[in-house]
Amino acid sequence: HLKGSMFAKMPGEPEEKYANLRVAYGFMMAHPGKKLLFMGQEFGQWNEWSEKKALDWYLLEDPSHKELKEFTKACMMLNKKYKCLYETDYSPEGFRWINANDRDNSVFSFIRISPDKKRHLLFVLNFTPVERPDYRVGTTCRRKHTLVLSSDDKKFGGTGKRRPKEYKPAKKECDGRKYSFRYKLPAYGVAVFKF
């Protein structure tokens, strides 16, 4: 098909390619619309998919490929677990940008809104190789925000640095929102909070 693999399209050394794929897949899985990955891309197959041969399953013996597969699986499980990711997929009421204009940090943040007004998800995605150790993100309420997915977990190929699981927003304006909290956002990081 001559489109190439997702792995081949990512810049940098192999570690950066896997990290880039995690943030790209995290963005795709979080954003409204249906998801599509050609077979083998979920674990970072080097070669483009072809109907003429089997997938390169042997790559899963390498920890980096296995970790990417686990991250892709965790993203898909979010899609299954949280109604906000599928019930309002094509409705403007199901999505709200928090910050789509942070070009200085190359960070996007947005909320997927649940139709039952419970269990919303806040996504914060860092598209650079630079850690944001004290990143402040705006949010819509003071409810406790619980970290439910971090691409920086060791099982996904991240650094495995320990982070608090719960964050209580302060009444401090950020991103045009009345409330906000600080989070240590890793390089090429995906952080998902439920509230």
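Restricting attention to the range 164-195, the residues being part of a loop (DSSP other than H, G, I, E, B) and open to solvent by less than 10 Å² (accessible area, probe 1.4 Å) number 3.
Residues checked against (1) surrounded by fewer than 21 Cβ atoms within 10 Å (Cβ to Cβ); (2) of a type in the set (Asp, Glu); (3) closer than 19 Å to residue 79 by Cα:
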residue	(1), (2), (3)
115	yes, no, yes
119	yes, no, yes
125	no, no, yes
128	yes, no, no
133	yes, no, no
144	yes, no, no
150	no, no, yes
154	yes, no, no
161	yes, no, no
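Annotation: of all residues in the range 5-46 being on the phi > 0 side of the Ramachandran plot and touching a residue at least 40 places away in the same chain (Cβ under 8 Å), the one that is surrounded by the most Cβ atoms within 10 Å (Cβ to Cβ) is 12.
For the range 7-24, filtered to residues that are over 14 Å from residue 64 (Cβ atoms) and of a type outside the set (D, E, K, R), the residue that is farthest from the chain's Cα centre (by Cα) is 8.
The values are calculated or read from the model by the stated rules, or taken from the named source; none is laboratory data. On a predicted model such as this, the values are computed, not experimentally measured, just so you know. So basically every Cβ, Gly included, is an ideal-geometry build from the backbone, and we count neighbours across all protein chains shown. For the accessible areas, the whole protein counts, side chains as well, though only heavy atoms, and no ligand, DNA or RNA atoms are used. Shrake-Rupley method; radii C 1.70, N 1.55, O 1.52, S 1.80 Å.
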